[in-house]
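In what follows, a single structure is set out as structure tokens and then discussed.
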Amino acid sequence: MQIISKGLTFTYNREADFHRQALQGVDLTINEGDFFGIVGETGSGKSTFIQHLNGLIKVQGGSLWVGDFNLAPTDKQGKKQYKKMLKQLRHKVGMVFQYPEYQLFAETVFEDVAFGVKNFFPTLSDEEIEKRVAKAIDLVGLDYNKVKNKSPFELSGGQKRRAAIAGILVSEPEVLVLDEPVAGLDPVGKKRLMSLLHTLHDTGIVKTIVIVSHDMDEISENVNRVALFCGGRAVKVCTPKELFSQKDESSSRLGLPVTAYVSEKLNEVGVELSSDFKTENFIKDLVKKYKETV
Amino acid sequence: MKAIEIKNVTFNYENSKIPVIKDLSLSVDKGEFLCILGENGSGKSTLSRLINGLLLPSQGDVLVFGLNTRDKAKTYEIRKSVGMVFQNPDNQMIATIVEDDIAFGPENLGVPSDEIGKRIDFALKSVNMERYKKVAGQKLSGGQKQRIAIAGALAVMPEILILDESTAMLDPLGREEVLSVIKDLNKSGMTVILITHYMDEALLADKVAVLSSGELKLLGTPTEVLSNPQIKNYGLDYPRPYYIAQKLKENGLPINANVFTKEDLAEELCKLFQKG
Amino acid sequence: MLSDLTFGQYYETDSFVHRLDPRIKILILIAYVVFIFVARNFYAFLALAVFLVIAVIFSKIPFSNMIKSMKGILFIIVITVILNVFFYKGETQTVLFWIITKEALIFSAYMALRLIILVMGSVLLTFTTTPVALTDGIESLLSPLKVIKFPVHELALVMSIALRFIPILMGEADRIIMSQKARGADFDSGNVISRAKAMIPVLIPLLVSAFRRAEELGDAMDSRCYSSSAVRTKYKKLKLSARDLVATLVSIIIFVSVIFLNGLGGV
């Protein structure tokens, strides 16, 4: 599913006198198959934008297409039809909020993960539900038989987050949107979760992944395209390499990933590196460059 | 006298037999900056609560400037000298308006009202938030809220400041604001204990302790600890610049691979290529 | 969004009314509410309404904000009026539909008027007084109860913490509702029971979060030397000033005049 946003605007509390315009016309296309990054300072509109992607916020102005779903409600469409569309949309676009473990509620991990399937596919048989839940728990790297009857609140911090993500994956979304997925995790937990996302993406279980992040190393390491949000607009949509090579105010405020910073400094002394800013490629490139000069 | 002495402390919660802290000993000098690193669930938050007597050890002793946290009569004295800042900026503010919140500590101590006013001004100045005295805390950014939380602790006039993952929920800008305040406080003599799992924050410290499953695994200077391959067993990882430098060295680049910041890494590489 | 409720939120500005001692404001409001129910005729109401208008003018709060704050309770007023119109038993002849009497209409009109000025009066207090000042005022007014070991300070602290955490928990509820919606939860269809059931996935995480926050807040308070037995001081001592005297005198004049105006005849 391709996501196309054109001139998307949004204002909180439109009618009140303390209203706040969060989106001022977002033009952005996310292609099927992208591992897409969204960056920008707090308050730049990132969160508001991603909440649009599965209809948690109604489109106020501009247009937004997610695959065949037109998210700007048209006059012809009745309320009932719009609701029906939302349900279909939401199972295809999974949304993982910041600290998703805070949404866990059921008595057992099984029940919690099953919540989504039961909501989206009320007619499924119990065996089918169990199959899907087992698959989702397996996907996030938890041991299904060990955790299924545990209370989600007994799990460790990292496990809780995985269980919460399983609760989204269970509805087999084509697009997975994650807001700061590794916030609060330790370095190993971060690595594991990111590699889980790559596995989902590489195997095609989830076709498109969109992550919001403040960590520029994480962005340069993981995504193939990135949008920079600033003042409610996507001011740049490009590759991480392009984003981190340009010198202007909006991108320099973000800070640079280590690789981009070092490349920039080397560039100043006349050493041109051609690789993207992924660490492993960067190392290879440097080694090659060094061997050429010696 | 040591600021903090932790002597063979074991701790387990009442309803559990598994100790969260196991036979741990550690001491902190006055004016020292200690960073405690550890994975999620390593017991680092429990350790911080043992230091100011929010929790009492099941075995062993914790001494703060010679006072034992077990001594109930000294609890107040100990809390006065150990200020603490927690993780979630929203959960530490007691009052709505900044100045009223900072006043909470001194009010509890029975400080006269005009002296409280002075302490508020001093505390706000220490965290560069003078302008926000009369503002509602809810309107501040995450980094600003945490600086107010630090000011709230400072108004009690502690000699030790513990930051329990206080940067974990902040964006990079907020993190930078808080870290720079902590650095300044340490420079002016405050003993600081920073609990975190950001490896780069450990570089600010004089000494780094690594905790894993309740045990003290490593202790040393930041560069000693961060370059120790064992940290990977404890849920941690090399800082990225160090990792890159090591890889480059392995591949035959003659550089000083003992670099931990991107600035140092860039400098090393520039030197190398300019020579060549 | 839930977190954006405006009813009775502090309106930041500097005015005569804002600067009044919260204790005086609370006492005047209490007296005002009493007199709203003492007032028996149009003139008495007029006096009370004029008092409110003067207070609003001196508070520098735009009338539009005062009126907007009524939106939330409009429904209650309408219901009250309708009920009264139909069920008030008058003695004179009916004027409409054979059941509505003249007295009923007049009585309902007064009832509506009472409610409106009552709510506006209360809103003016919360618009012009920070929650902290409000709890300080209540604490101070209740302090004589300390003699009988009533935990006045604790009560005030609980109130101010509750006031501080309401918007935070509302924001949190918003977020949890969104994340459960994203998992296909449906909060607005079905009958009352199924709707109530649908709230469980919101209420439990909210409760868990409230406990987690309470724990951290408790630790933070302990760390800052909180103790219920401590001899504590107050940073901001409430002090009466000439301003408060003026406000009190004006209020007394209005209230006395209400009593006199009542003498002109009842409803």
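Some points to look at:
- Annotation note: Cβ proximity below 6 Å between a residue of the stretch B:251-276 that is within 27 Å of B:Leu204 (Cα to Cα) and a residue that is of a type in the set (D, E, K, R) and part of a helix (DSSP H, G or I) (sequence gap 6+ or interchain) occurs for B:Ile255/B:Glu268; B:Asn256/B:Glu268; B:Ala257/B:Lys249; B:Val259/B:Glu268; B:Ala266/A:Lys265; B:Cys270/A:Lys265.
- In this structure, C:Ile166 does not qualify as over 29 Å from A:Gln103 (Cα atoms), away from chain A (no Cβ under 12 Å) and without any contact (Cβ under 8 Å) to a residue 40 or more places away in the chain.
- Test: residue in the stretch B:127-138 that is at pLDDT 95 or above and within 25 Å of B:Leu54 (Cβ to Cβ): yes
- Within the stretch C:55-81, residues that are over 17 Å from C:Ala112 (Cα atoms) have Cβ atoms under 7 Å from residues that are not in a helix (DSSP H, G or I) in these pairs: C:Phe58/C:Ser15; C:Ser59/C:Ser15; C:Lys60/C:Thr13; C:Lys60/C:Ser15; C:Ile61/C:Tyr11; C:Asn65/C:Tyr11, counting only partners at least 6 apart in sequence or on another chain.
- The number of residues in the stretch C:152-193 that are crowded, with 16+ Cβ neighbours inside 10 Å and of a type in the set (D, E, K, R) comes to 5.
- Remark: pairs (first residue in the stretch B:182-200, more than 14 Å from chain A (Cβ to nearest Cβ); second residue among the small types (Gly, Ala, Ser); Cβ separation under 6 Å; 6+ apart in sequence or on different chains) = B:Gly189/B:Gly31; B:Thr191/B:Ala3; B:Thr191/B:Gly31.
- Qualifying residue in the stretch C:196-203 (condition: away from chain A (no Cβ under 14 Å) and either closer than 28 Å to B:Ile97 by Cα or not basic (Lys, Arg) (or both)): yes
- Residue match in the stretch A:64-86 (condition: within 14 Å of chain C (Cβ to nearest Cβ), assigned to a strand (DSSP E or B) and not hydrophobic (A, V, I, L, M, F, W, C)): no
- When residues of the stretch B:94-147 are limited to those that are more than 7 Å from chain C (Cβ to nearest Cβ) and part of a loop (DSSP other than H, G, I, E, B), the one surrounded by the most Cβ atoms within 10 Å (Cβ to Cβ): B:Val127
- The number of residues in the stretch C:204-235 being facing chain B (nearest Cβ under 7 Å) and farther than 29 Å from A:Ala114 by Cβ comes to 17.
- Restricting the stretch B:61-82 to residues that are in contact (Cβ under 8 Å) with a residue 60 or more places away in the chain and more than 21 Å from C:Ser228 (Cβ to Cβ), the residue that is surrounded by the fewest Cβ atoms within 10 Å (Cβ to Cβ): B:Gly66
- Restricting the stretch B:267-276 to residues that are exposed (fewer than 14 other Cβ atoms within 10 Å of the Cβ) and within 7 Å of chain A (Cβ to nearest Cβ), the residue that is modelled with the highest pLDDT: B:Gln274
- Count of the stretch B:32-60 residues, restricted to those that are surrounded by 16 or more Cβ atoms within 10 Å (Cβ to Cβ) and over 20 Å from C:Asp219 (Cα atoms), is 8.
- Screening B:Ala153 on (1) assigned to a helix (DSSP H, G or I); (2) hydrophobic (A, V, I, L, M, F, W, C); (3) in contact with a Gly (Cβ under 7 Å, 6 or more places away or on another chain); (4) modelled with pLDDT under 95 shows it passes everything except condition (4).
- Answer residue from the stretch B:246-266, given it is outside any loop (DSSP other than H, G, I, E, B) and more than 9 Å from chain A (Cβ to nearest Cβ) and is surrounded by the fewest Cβ atoms within 10 Å (Cβ to Cβ) among those: B:Glu250
- Looking across the stretch C:28-43, the residues that are at pLDDT 90 or above and not hydroxyl-bearing (Ser, Thr, Tyr) come down to C:Ile28, C:Leu29, C:Ile30, C:Ala31, C:Val33, C:Val34, C:Phe35, C:Ile36.
- Candidates A:Val206, A:Val237, A:Val182, A:Val210, filtered to the one that is in the same structural domain as A:Leu89 (by TED's automatic domain parsing), without any contact (Cβ under 8 Å) to a residue 60 or more places away in the chain and outside any helix (DSSP H, G or I): A:Val182
- Test for B:Tyr234: is it within 23 Å of B:Ile160 (Cβ to Cβ) and at the interface with another protein chain (Cβ under 9 Å from one of its Cβ atoms): no
- Applying a threshold of 9 Å to beta carbon distances and a minimum spacing of six or more residues, or different chains, the list of pairs starting in the stretch C:212-233 at a residue that is in contact (Cβ under 8 Å) with a residue 24 or more places away in the chain and surrounded by 14 or more Cβ atoms within 10 Å (Cβ to Cβ) and ending at one that is of a type in the set (A, V, I, L, M) and part of a helix (DSSP H, G or I) reads C:Arg213/C:Ile168; C:Arg213/C:Leu169; C:Leu217/C:Ile161; C:Arg232/B:Leu109.
- Looking only at the stretch A:276-294, and only at residues there that are of a type in the set (D, E, K, R) and outside any helix (DSSP H, G or I), the one that is modelled with the highest pLDDT: A:Lys278
- Qualifying residue in the stretch A:187-205 (condition: crowded, with 21+ Cβ neighbours inside 10 Å and modelled with pLDDT under 95): yes
- If the condition is being at the interface with chain B (Cβ under 8 Å from one of its Cβ atoms) and among the aliphatic types (A, V, I, L, M), then the stretch A:179-215 contributes A:Ala183, A:Leu185, A:Val188.
The values are calculated or read from the model by the stated rules, or taken from the named source; none is laboratory data. Keep in mind that what you see is a predicted model, and the values were worked out from it rather than measured. Cβ sites come from the backbone with ideal geometry, for glycine too, and all protein chains shown count toward neighbours.
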